[in-house]
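What follows is calculated from the coordinates using simple rules that are stated; it is not laboratory data. Because the structure is a prediction, the values reported are computed rather than measured. So basically every Cβ, Gly included, is an ideal-geometry build from the backbone, and we count neighbours across all protein chains shown.
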Amino acid sequence: AIQRTFSIIKPDATKRNLTGAIAAKFEAAGLRIIASKRIQLSLAQAQDFYGVHSERPFFGELTEFMISEPIVVQVLEGEDAIAKNREVMGATNPADAADGTIRKEFALSIGENSVHGSDAPETAAEEIAYFFSGLELVG
Ligand code: CMP
């Protein structure tokens, strides 16, 4: 089925001018970018967005990293978009990511891993609504 998923191009990638290269990977995989904006997260927003990880030992590192540079938030639409995006991103740890994936090609470490993507339909809907209004989604 046609789905929508939420994506973040993270600070390590925006800093190295990889926004276009990463967007090209999504488009080449058949994912349409139906919304896109470059924003600077506040610490409170980063802590809120990653609230599910608040008890993890890397929470401080993760939230500080996410506010260290601007990010690009996007909504991707396509056939099985959630799974397809996860395939294009590759494994969370770039050391485990398959050849040709975004994380294999661009990520620096498990933390500085260039992209975030929703893991399920419920989280996709929540994450999209957190950053975008309905009017900003142009399918
Ligand atoms: P993301 O998909 O954005 O969701 C949670 C993030 O936590 C994950 O990508 C990783 O970048 C980050 N993360 C997971 N494990 C670690 C770790 N051990 N150290 C730092 N960051 C981590």
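Taking the inverse of the mean reciprocal distance over all distinct Cα pairs, the Kirkwood hydrodynamic radius of the stretch 1-95 comes to 14.1 Å.
Ranked by how many other Cβ atoms sit within 10 Å of their own Cβ, fewest first, the residues THR5, THR19 fall in the order THR19, THR5.
Backbone amide hydrogens, once placed in the peptide plane, bring GLN3 within less than 5 Å of GLY78, GLU79, ASP80, ALA81, excluding anything fewer than 5 places away on its chain. Which whole-angstrom value gives the distance between the alpha carbon centres of the stretch 1-60 and the stretch 114-137? Value for the Cα centre distance between the two parts: 9 Å.
Kindly put PHE59, PHE49 in sequence by how many other C-beta atoms sit within 10 Å of each C-beta, fewest to most. Let's see the in-between values first.
Details: PHE59 16, PHE49 19.
Taking fewest neighbouring Cβ atoms as first place, the list is PHE59, PHE49.
Sequence-ordered 3J(HN,Hα) estimates for the stretch 102-110 from the Karplus curve with 6.51, -1.76 and 1.60 and θ = phi - 60° stand at 4, 5, 4, 7, 10, 5, 9, 6, 4 Hz, glycine and proline given as x. Working note: Karplus 6.51/-1.76/1.60 with θ = phi - 60° gives the stretch 119-136 the couplings 9, 6, x, 5, 5, 4, 4, 5, 5, 4, 5, 5, 10, 10, 8, x, 5, 8 Hz, where Gly and Pro are set to x. From helices alone, the chain scores -10500 deg cm²/dmol at 222 nm; the rule is -39500 (n - 2.57) for each run of n ≥ 4 DSSP H residues, then divide by the residue total.
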